[in-house]
Amino acid sequence: MIDYEKRKALQKNIKEGVTYRLAQEDLDFLASDELRGQRLELEYLKTDKILNENCIRSTVVVFGSARISSPEEAKSKMEQIEKMLDGSPQDEVMLKAHKRAERNLRNAHYYEQAIRFAKMISEHFQKEGVCDYVIMTGGGPGIMEAANRGAYESQARSIGLNITLPYEQTPNPFITPELAFRFHYFAIRKMHFLVRAKALVVFPGGYGTMDELFEVLTLVQTKKMDPIPIILFGSEFWKRAIDFQFLVDEGMVNEHDLALFKMVDSIEEAFMMLQRFHAEHM
C-alpha cells in the first residue's frame, strides 16, 4: 500500500514532467522545428493585430544604412580622431580611422534629410487621429533612427520592426513604444514592411538595404504587389552603386523596368511624389 507522502511525491513528479506542461507554456515545444510554421504565423498575427488596434491604415517605409551617423555624432568622432592623430600623425591605423571619419561626416547629411522627410510626411498625413502614411523603419540606428526621429519630433507616431540577430540590436529611442516590434524571421518582417506600404523611400545603404530594395522591385515587376512609389534618395550614390542601365543594355531587365523607381535628390521632390500618389489612389 502506498502511503500519503509517497502518493504526493509521485504526483509531484508527474506534474513537474515536461509532458504535463500546457502546450502554450512549454517553451521547448514551441521552439521546436516541428512548430516553425506556427511560429511564423504567430509573428505575423501579433504585429497585424496590434497595428489594426492602433488604426494604422497605411505606411511609408524608409530603408537605409544603420552606419550613417547624425552630423553631431560624426563631427564629434572626427574631432576625437584628429586629436589622437596629432600625437601620431603617421599612424596607419589612425589614418584609416580618419578616412572613415571623413566619409561618415560627408554622408551625415542623409541622416538630416531622413529626419526632414519623416517630419514632412508625418505632419501632412497624421492629422486628427488618422494614421495614414505612418513612418515605418527597421527600428535600428542610422537612417532608421533618423526617420523615426523625424516622426517623433513632429509628435507623430512611427513604427519600428527590429530583427533578432547574432549580435545585439536594440530599438532606437524614437519609435512609438506601442509600435515597436521584434522579429525572429526575416520573411515575416519583410511582409509587414509591405502589407500597408504606400511608398518606399530608400536612402544609401549596404547589403540589407539592397536586399529590401530588390525584393520590392521584384514583387512589383512580377505583379505580386501593386505598384507604389519606389524612391531612391541620393542619385550620385545610386548611380555608382548599381548600374541599372547596364542591366538593360545586357538584356537582363526591360527598358520599362527602369520606370519602377525614381531617383531624387531633394526631400521636396520625394514628398510631391507621395502627394500625387495619395491623391490618385486614396
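Out of all the residues in region 98-108, is one or more free of Cβ contacts under 8 Å to residues at least 60 places away in the same chain, within 20 Å of the chain's Cα centre (by Cα), part of a loop (DSSP other than H, G, I, E, B) and under 24 Å from PHE174 (Cβ atoms)? Yes, the conditions are met somewhere in region 98-108. Could you list, in sequence order, the residues of region 238-280 that are aromatic (Phe, Trp, Tyr) and either closer than 30 Å to ASP132 by Cα or touching a residue at least 40 places away in the same chain (Cβ under 8 Å) (or both)? Across region 238-280, the qualifying residues are TRP238, PHE261, PHE271, PHE277.
Report the residue count in region 265-282 for those that are of a type in the set (A, V, I, L, M, F, W, C) and not in a helix (DSSP H, G or I). First the steps, then the outcome.
Of the residues in region 265-282, the ones of a type in the set (A, V, I, L, M, F, W, C) are 267, 270-274, 277, 279, 282.
If we keep only those that are not in a helix (DSSP H, G or I) too, we end up with 282.
Qualifying residue count, region 265-282: 1.
Here GLU73 does not qualify as assigned to a loop (DSSP other than H, G, I, E, B) and at pLDDT below 95. Taking first residues from region 13-37 that are not assigned by TED's automatic domain parsing to the domain that holds TYR185 and among the charged types (D, E, K, R) and partners that are surrounded by 10 or more Cβ atoms within 10 Å (Cβ to Cβ) and assigned to a helix (DSSP H, G or I), the Cβ contacts under 8 Å between residues at least 6 apart in sequence or on separate chains come to ARG21/PHE29.
Could you check region 1-58 and list, in sequence order, the residues that are of a type in the set (Lys, Arg) and closer than 24 Å to LEU179 by Cα?
ARG39, LYS46, LYS49, ARG57
The rows are residues; the columns are (1) over 17 Å from ALA199 (Cβ atoms); (2) modelled with pLDDT under 95; (3) surrounded by 22 or more Cβ atoms within 10 Å (Cβ to Cβ).
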{"position": "MET120", "(1), (2), (3)": "no, no, no"}
{"position": "LYS127", "(1), (2), (3)": "yes, yes, no"}
{"position": "VAL130", "(1), (2), (3)": "no, yes, no"}
{"position": "GLY138", "(1), (2), (3)": "no, no, yes"}
{"position": "ILE143", "(1), (2), (3)": "no, no, yes"}
{"position": "ALA147", "(1), (2), (3)": "no, no, yes"}
{"position": "GLU153", "(1), (2), (3)": "yes, no, no"}
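Looking at GLN90, is it assigned to a helix (DSSP H, G or I) and among the polar types (S, T, N, Q)? Here the answer is no, as GLN90 does not meet what is asked. Selection of region 62-76 for residues being of a type in the set (Asp, Glu) and surrounded by 15 or more Cβ atoms within 10 Å (Cβ to Cβ) yields only GLU73.
The values are calculated or read from the model by the stated rules, or taken from the named source; none is laboratory data. These numbers come from a predicted model, not from an experiment. For neighbour counting, all protein chains shown are included, and Cβ atoms are generated from backbone atoms with ideal geometry for every residue, glycine included.
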